[in-house]
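Values quoted throughout were computed directly from the atomic coordinates according to the rules given, and no laboratory measurement underlies them. Note that the structure is a prediction, hence the values are computed from the model and not measured. Cβ coordinates were reconstructed from backbone atoms using ideal geometry, including for glycine residues, and neighbour counts include every protein chain displayed.
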Amino acid sequence: MTDPTSPGSASPATPSPADSLGAPKTYKLFVGGAFIRSESGRVAAVHDTNGSVIARVAEASRKDLRDAVTAARGAQPGWAGATPYLRGQILYRVAEMLDGRSTQLAAELEACGASRQAAIDEVTESIDCWVWWAGWADKITQVLGGVNSVAGPFLNVSTPEPTGVVGLCTAAERPLAALSSVLAPALCVGNTAVVVAPLDSALAPLTFGEVLATSDLPKGVANLLVGSHTDLGPWLADHDDVDALDISGVSADLAEDLLARSAGNLKRVAATNGRRSPQTAGEFLDLKTVWHPARL
Amino acid sequence: MNENATSNMTGTTGGAGTTGVAGVAKRFTEYAPALESRSIVTIRSEYGLWIAGEERDAEAGAAFDSVDPATGQHLTRIAEASQADVDAAVAAARSAYENVWRDMAPANRARYLFRIARLIQERAREFAVLESIDGGKPIRESRDVDVPLAAAHFFYYAGWADKLPWAFTGGVIPRPLGVAAQIIPWNFPLMMAAWKLAPALACGNTVVLKPAETTSLTALLLTEVLTEAELPPGVVNIVTGGASTGAALAGHRGIDKVAFTGSTEVGRSIRRATATTGARLTLELGGKSAQIVFEDAPMDQAIEGVVRGIWFNQGHVCCAGSRLLLQESIAEEFSERLQRRVEGLKVGDPLDKNTDIGAINSAEQLEKIEELCEVALSEGARMYRSSATLPAQGWYCAPTIFSGVDTSHRITNEEVFGPVLAQMTFRTPAEAVAKANATPYGLAAGVWTDNGAKILWMSQQLRAGVVWANSYNQFDPASPFGGMRESGFGREGGRSGLDSYVTLEDAS
């Protein structure tokens with residue numbers, strides 16, 4: 001799989017290990033730290049631009065989605081309770097692991113339609129993105145929170161806290177960069193996540209699961225599913241154990257539907273488009289304000 | 001005590017003439033009524049809508065009655081805005097946004113807000129009396145909390161108006177959103193208007209504000225202040241009315257932003273409505289906040305804090321500390337002393353400066369409160385209710401405590417929005433956290449203990465937007481307020497209160 005002579009190391013790049021094993025590889029979902037096929041048994045073929053099958057991917061079902069939310073919820077207190085320093089270290093480790101997989105990932109992006117240069121740029125940008133957010137983990141509290149000067153004898157402090165379990169519907173275009181740009185900020189500030197990446201460009205996002213699996217990220221903190229947003233998005237928006245939703249990757253019509261469904265448990269819903277800004281992480285944070293008298 | 005409450009209401013004093021032990025006890029608890037004069041307030045027989053700086057009748061001529069909850073008597077008649085009126089208000093706000101307010105020098109916007117703050121301060125007594133007459137809250141609270149905080153809020157955000165570039169990091173330019181629809185509740189009418197208007201205007205937005213049906217009068221009095229401050233016409237518009245007016249406003253296509261404070265149920269419907277229109281949304285909704293008292297808490301202070309937490313404003317407070325969690329070792333003593341303290345609370349005329357608990361805001365709300373109390377009794381809870389005598393007219397509810405409840409009872413899960421406390425016990429801090437967080441809400445919490453580490457640990461564990469440690473129900477314009485989970489999203493107050501009213505453009 002990481003064979004340096006495999007696709008991508010030479011042109012033309014093809015990610016399929018078909019040459020060595022004689023059949024296209026099946027990419028699996030990443031849920032609760034395990035690589036799983038869909039419980040539904042659904043497998044979809046991914047084609048290159050010429051229409052040939054280059055790989056197969058497990059297509060997530062609603063049950064997989066529920067399992068992923070359960071895994072994310074289970075991992076949430078531990079991840080939120082980890083020190084920001086540790087979270088930063090682990091995010092940086094993701095960047096390092098990503099760097100080590102850059103050849104394979106670029107080849108997979110290329111196989112799904114990106115130009116060679118665009119694929120390489122996208123991987124580089126994704127690595128930068130994880131490094132950028134790794135550095136924010138122990139700084140964002142100082143930027144978004146602070147001491148409030150109230151008119152009375154009180155110490156009054158506001159601190160941003162992770163919202164909880166976030167659902168991320170990531171874009172099909174530039175799938176690795178899109179995924180990184182919303183997953184990194186969500187994890188950076190202590191949320192756990194369920195990602196739904198579109199099927200057509202799912203190779204790099206699923207390989208990214210292997211990056212996460214080798215990055216000291218606790219099981220269940222990030223869960224990667226691929227499937228149709230139209231299929232899975234409504235279930236994510238309806239789910240009462242999902243606290244926030246990023247809908248950067250969905251169509252306008254679907255966005256409207258997901259927003260309406262989010263009313264059930266009043267999820268926070270944002271389309272951050274992965275903007276590199278503390279405000280992006282702010283969409284996955286709730287400010288907590290603590291008062292205490294400061295008088296004898 | 002009962003006689004005293006009665007005598008207070010009827011205006012006769014019996015204290016001086018009483019003798020014997022009971023009489024001595026009485027003299028200590030009895031006060032002559034100290035009524036705030038109504039004469040400072042003029043309530044007209046009719047009020048119109050306020051659109052583009054002018055008062056006007058509702059297009060269809062519709063109007064509704066407003067009632068004094070302390071007596072049940074008719075106060076005035078107020079125009080009820082229809083869809084057409086809401087259209088007119090939104091159009092006026094749009095025009096003012098595009099032609100005046102958006103592009104005004106920020107320092108000038110600040111001037112208007114400073115002026116509004118000053119004018120509210122100058123007319124503070126008038127606002128306080130009117131607030132108590134219209135909504136039923138004790139004059140002490142409207143005078144000492146609602147009105148000063150309303151003025152302070154305008155003053156605070158006035159200062160932000162020309163400093164927005166420093167409020168946001170990372171090379172972004174904050175821009176106003178456009179026209180904001182703001183729908184506010186009946187529990188803190190003027191203060192909520194200030195919480196909504198001040199940050200919206202400071203950021204360069206214009207507003208259509210809808211006060212609650214039962215408490216429109218201070219918002220309408222505020223129009224006099226806005227006029228006196230020479231705020232350009234259309235920058236603020238006020239549409240009065242009930243649920244249909246609110247729905248017309250929240251779902252309006254010409255709105256860029258909706259800010260709502262009220263029930264979680266209505267909040268959900270507004271979320272659905274704005275999904276279609278694409279307006280940005282912030283919600284400040286219900287709560288079932290826990291007050292946690294540890295055995296090492298200073299008990300007298302904790303009792304005062306619990307009283308303030310649930311009996312402030314008749315319990316009509318979204319962040320009311322409506323669940324009391326007592327550590328088992330002190331539960332009995334605390335409960336007994338709390339009840340003794342509650343016996344001293346005076347329920348009565350909102351305009352009496354001795355009144356602790358005023359009138360329930362409406363007959364409908366009183367019915368809801370009593371219904372939930374009946375459910376609690378039928379589910380096996382034990383009820384303590386203060387023996388305070390209630391005025392014969394108007395809507396009142398004596399302070400009430402339910403014990404013997406568990407986490408499955410409706411009284412421990414549903415927001416009562418009245419002077420009703422549900423009391424439970426716990427053994428360990430972890431159990432206190434589990435019980436406090438066992439609600440879909442997440443607005444506020446109170447922690448009472450003398451142990452610093454315990455305060456900090458508890459504060460971290462509690463899922464609540466505001467944690468009052470060894471304090472409760474403190475508010476300040478510089479302090480962000482708002483909920484987690486189903487208590488809504490967005491913050492009001494502080495720098496973060498600006499987030500709800502700007503969009504950030506990349507500077508490059």
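Hey, with R₀ at 30 Å, roughly what FRET efficiency would A:Ala118 and A:Arg62 work out to, going by the Cβ-Cβ distance, to 0.05?
Values: r = 34 Å, r/R0 = 1.12.
My answer for the efficiency is 0.35.
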- The helix A:102-111 Cα axis meets the longest alpha-carbon principal axis of chain A at an angle in degrees, between 0 and 90 and rounded to 10, of 70
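Using DSSP to call loops (not H, G, I, E or B), can you name the trypsin sites (Lys or Arg not before Pro) in region B:134-195 whose Cβ has at most 15 other Cβ atoms within 10 angstrom?
On the way: sites: B:Arg140, B:Arg143, B:Lys163; in loops: B:Lys163.
Answer by residue number: B:Lys163.
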- Task: Please determine, in degrees from 0 to 90 and to the nearest 10, the orientation of helix B:328-343 with respect to the longest principal axis defined by the Cα atoms of chain B, where the helix direction is its Cα long axis.
- Result: 80
- Query: If you average the sequence gap of Cα pairs under 8 Å that are 6 or more apart and divide by the length of chain B, what percent do you get for the contact order?
  - Reply: 18
- Note, ³J(HN,Hα) from phi for region A:195-206, Karplus 6.51, -1.76, 1.60, rounded to Hz, x at Gly and Pro: 9, 10, 9, x, 5, 4, 10, 7, 4, 4, x, 6
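How charged is the neighbourhood of B:Ala247? Take every other residue with its Cβ under 12 Å from the Cβ of B:Ala247, and add Lys/Arg as +1 and Asp/Glu as -1. Before the final figure, lay out each step's value.
Numbers: positive: B:Lys210, B:Arg272; negative: none.
It works out to a net charge of +2.
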- Query: Just in region A:227-296: which chymotrypsin sites (Phe, Trp or Tyr not before Pro) are loop by DSSP and have at most 11 other Cβ atoms within 10 Å?
  - Reply: none
- Would you mind calculating the gained length between B:Ile40 and B:Ser378 on full extension (0.36 nm times residue separation, minus the Cα-Cα distance), in nm to one decimal? 117.0 nm
- For B:Thr218, what is the net charge nearby, where nearby means another residue's Cβ is under 10 Å from its Cβ and Lys, Arg count +1, Asp, Glu -1? -4
- Task: Treat region B:290-476 as a sphere of radius equal to its Kirkwood radius over Cα pairs and apply Stokes-Einstein at 37 °C in a medium of 0.692 mPa s; give the translational diffusion coefficient in µm²/s, rounded to a whole number.
- Result: 199
- Item | Label point distance in nm, A:Asp231-B:Glu304, each placed 7 Å from Cα along Cα→Cβ | 6.3
- Message: What distance in nm separates the two pseudo spin-label positions at B:Arg410 and B:Ala453, each 7 Å out from Cα along the beta-carbon direction?
- Response: 4.4
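Can you give the FRET efficiency to the nearest 0.05 for B:Glu59 and B:Arg102, using r as the Cβ-Cβ distance and R₀ = 30 Å? Mind showing how you got there, number by number?
Numbers: r = 27 Å, r/R0 = 0.92.
For R0 = 30 Å, the calculated efficiency reads 0.65.
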- Item | DSSP beta bridges in chain B [antiparallel fraction, %, rounded to 5] | 35
- Message: Between B:Glu370 and A:His47, what is the label-point separation in nm under the 7 Å Cα-to-beta-carbon projection?
- Response: 7.2
- Table column - 3J(HN,Hα) (Hz), region A:291-296, Karplus curve with 6.51, -1.76, 1.60, x for Gly and Pro: 10, 8, x, 10, 7, 9
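Report the FRET efficiency, 1/(1 + (r/R0)^6), for B:Asp162 and A:Leu86, where r is their Cβ-Cβ distance and R0 is 60 Å, rounded to 0.05.
Working: r = 41 Å, r/R0 = 0.69.
Efficiency, from the Cβ-Cβ distance: 0.90.
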- Query: Out of region B:51-142, which chymotrypsin sites (Phe, Trp or Tyr not before Pro) are coil in DSSP terms and have no more than 13 other C-beta atoms within 10 Å?
  - Reply: none
- Note on the structure: Restricting to lysines and to Cα separations under 29 Å from B:Lys368, and discarding same-chain partners fewer than 8 apart, the set is A:Lys267, B:Lys137, B:Lys196, B:Lys210, B:Lys288, B:Lys346, B:Lys353, B:Lys435
- Long-range HN-HN contacts of B:Gly53 with modeled amide H, under 5 Å: B:Gly234
- Message: Could you give each residue of region B:364-379 its phi-based ³J(HN,Hα) in whole Hz, using Karplus coefficients 6.51, -1.76, 1.60 with θ = phi - 60°, and x for Gly or Pro?
- Response: 4, 5, 4, 4, 4, 5, 5, 5, 5, 5, 5, 4, 4, 5, 5, 8
- Averaged over the residues of B:484-491, the number of partner chain Cβ atoms within 10 Å of each residue's own Cβ comes to 5
